[in-house]
Each structure stands twice: as structure tokens, then as C-alpha cells.
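A short worksheet on the structure shown next.
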Amino acid sequence: MEILQLKPSHKAVTTYYQELEAYARLGVKHEMAVRDAFQALLKTCCAQANLTFIGEWKIKRKGRGPLSVDGAMVGFDELARGYWEAKDEQDDLAKEVKAKFAVGYPKDNIIFQSPQRIS
């Protein structure tokens, strides 16, 4: 397994915070906009770990329709190694996590992220 080499001074991390600052200056807070910055950071991390980032990954559920997470980190064998679900600052992250788990989102290897918090 690859060890992620990521420091606060890494270009992908500083770019993430710069993009959030630019969004804030423009008054942009909705999830579909702010999630792009973190998605770019995840793509950098995936590349270091020999994984591929796939947006809007479908998760099959027995007897029910599939769920769609905002992204998955996928290995060469097409198995998801981790998942990502983005939220915006207006969402109560703890409440959103509980709601997602209640409908069947995976409880292992998942990142719930808002611009100021990761759970």
C-alpha cells in the first residue's frame, strides 16, 4: 500500500485553500461549486497512491436502487478503496452523516467533507 506524502505546504493543499478563498470573496457557498476544489485535491492524492478518482460513483444495494457518492478512489482492479461525500457550509455535517448512513452509505473508508470540516 502506498503512503500518501501530503503536507500543508504541498501545492495541491495550498491551491485548495486559495480556491476556497476565491469562492468566499465571490460569495459562493453552494456544494456544487466548493466541492470542485476538494475533488482536485483528492485527484492529486489518488495519483500518489496509484488510484483513480471517479466522480459520481454508484454503490449497488441489495434489493434497492444504487446510491451515488460524490466520488470514489478506485484501484486498478476496479474496486473502490474509499469514498467521498461533499457538503457545503450550510449543511449540518454530523446530521448529514447520520442521514447518509441511514440510507445505506458505506461506514468504512468514507470522507464526509465541507469546506471547513472533514468527518
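The values are calculated or read from the model by the stated rules, or taken from the named source; none is laboratory data. These figures come from a predicted structure and were not determined experimentally. Reconstructed Cβ throughout: ideal geometry from the backbone, glycine too, with neighbour counts over all protein chains shown. Each accessible area value is taken on the protein alone, full model and side chains, heavy atoms only, with ligands, DNA and RNA left out. Shrake-Rupley method; radii C 1.70, N 1.55, O 1.52, S 1.80 Å.
Before moving on, here are some points about what is shown:
- Which numbered condition ARG35 misses (of (1) open to solvent by 30 Å² or more (accessible area, probe 1.4 Å); (2) within 29 Å of GLN5 (Cα to Cα); (3) of a type in the set (D, E, K, R)): (1)
- For region 40-49, a residue qualifies if it is open to solvent by less than 40 Å² (accessible area, probe 1.4 Å) and either touching an Asp or Glu at 6+ places or on another chain (Cβ under 9 Å) or of a type in the set (Ser, Thr, Tyr) (or both), and exactly one does: ALA49.
- Qualifying residue in region 4-20 (condition: among the aromatic types (Phe, Trp, Tyr), under 18 Å from the mean Cα position of the chain (by Cα) and open to solvent by 40 Å² or more (accessible area, probe 1.4 Å)): yes
- In region 89-118, the residues that are under 19 Å from LYS29 (Cα atoms), of a type in the set (D, E, K, R) and either under 12 Å from the mean Cα position of the chain (by Cα) or surrounded by fewer than 12 Cβ atoms within 10 Å (Cβ to Cβ) (or both): ASP92, LYS95, ARG117
- Members of region 74-88 that are open to solvent by 80 Å² or more (accessible area, probe 1.4 Å) and either touching a residue at least 40 places away in the same chain (Cβ under 8 Å) or on the phi > 0 side of the Ramachandran plot (or both): GLU78
- Summed over region 50-73, residues that are open to solvent by less than 30 Å² (accessible area, probe 1.4 Å) and in contact (Cβ under 8 Å) with a residue 24 or more places away in the chain total 6.
- One residue from PHE76, PHE53, PHE101 being within 24 Å of GLN5 (Cβ to Cβ), out of contact with any Leu (no Cβ under 6 Å at 6 or more places or on another chain) and of a type in the set (A, V, I, L, M, F, W, C): PHE76
- Evaluation of LYS7 against the conditions (1) among the basic types (Lys, Arg); (2) more than 20 Å from ILE110 (Cβ to Cβ); (3) in contact with a Ser or Thr (Cβ under 9 Å, 6 or more places away or on another chain) shows that the sole unmet condition is (3).
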